Amino acid sequence: MTRREFARTGRGFGPRALRTRNRLLDAAAAHLDARGVLGVSVAEIARQAGTSPGTFYHYFVDVEDAALALAERAASEMPAIAERVEGLGSGEGGLDRARAVVEAFLAHWDAHRAVLLIRNHAADRGDARFHRVRRAALGPLLDGLAAQVERAQRAGRVPAEVHPAVAAAGALAMLESLGAYAREVRRFGATRAELAETCARLLFQVAAGTPPATPPPRRRSRAG
């Protein structure tokens, strides 16, 4: 690992240096959320962090490099989300697990939307650094979803022609798209709760191979 990689990941620094680095990352996150990577200058980030551009360059090559470090920091939340996938494909309690996965995933996007958009756009244009971070972040969730589809196949609920990894990738693409464009989707009149519930039911159906059971409507009792 090079000195620059040590600086970007924060490894090998003492507590004081790590605090400075984290202040710079917090300031970068605030500016990226407001204006995106092309609209932010190193001077603005350093000023908000209470330090100098020279100090910024001690830790990061440029603003995009800071965005990469932020994407790595955000990725640390994903293992906890991936753990919620276990048992998602089971009939009893599976829908509640799907709801928990979706809520956690949407909250993750709400907290890091600007950085995750930068990560995905950079990965899609072929930047190996961002592609590696995205793969490391989403890989455990993809593997967990594929495992649930495989279990449903063994139980006879998902056709053998369905490839578990492809089904999992489709479900994950849905989560990513709704996380990225939740604001736009809500312009169609859907509330956040409706968005989350719809996504959870689709996710459950992918993992379980069957739509969630819906209780029949109650019949009104006739007086007299």
With free of Cβ contacts under 8 Å to residues at least 60 places away in the same chain, in a helix (DSSP H, G or I) and closer than 21 Å to Pro211 by Cα as the only criterion, which of Ala146, Ala111, Ala67 stands out?
Ala146
Quick count over region 1-53, residues being among the aromatic types (Phe, Trp, Tyr) and modelled with pLDDT of 90 or more, is 0
Residue tally, condition more than 26 Å from Ser76 (Cβ to Cβ), part of a helix (DSSP H, G or I) and either of a type outside the set (D, E, K, R) or in contact (Cβ under 8 Å) with a residue 24 or more places away in the chain (or both), over region 150-172:
6
Do we find a residue being under 22 Å from Ala171 (Cβ atoms), outside any helix (DSSP H, G or I) and in the same structural domain as Ala196 (by TED's automatic domain parsing) anywhere in region 93-105?
yes
Is there any pair linking a residue in region 180-197 that is closer than 12 Å to Leu106 by Cβ to one that is of a type in the set (Gly, Ala, Ser) and part of a helix (DSSP H, G or I), with Cβ under 8 Å and at least six apart or on different chains, and which?
Arg192/Ala182; Leu195/Ala182
Checking Phe130 against (1) buried (at least 21 other Cβ atoms within 10 Å of the Cβ); (2) within 16 Å of the chain's Cα centre (by Cα); (3) modelled with pLDDT under 95: exactly one of these is not met. Which one?
(3)
So Ala207, is it at pLDDT below 85, surrounded by 11 or more Cβ atoms within 10 Å (Cβ to Cβ) and assigned to a helix (DSSP H, G or I):
no
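The values are calculated or read from the model by the stated rules, or taken from the named source; none is laboratory data. Source: prediction; values computed, not measured. Virtual Cβ from ideal backbone geometry, glycine too; neighbours counted across all protein chains shown.
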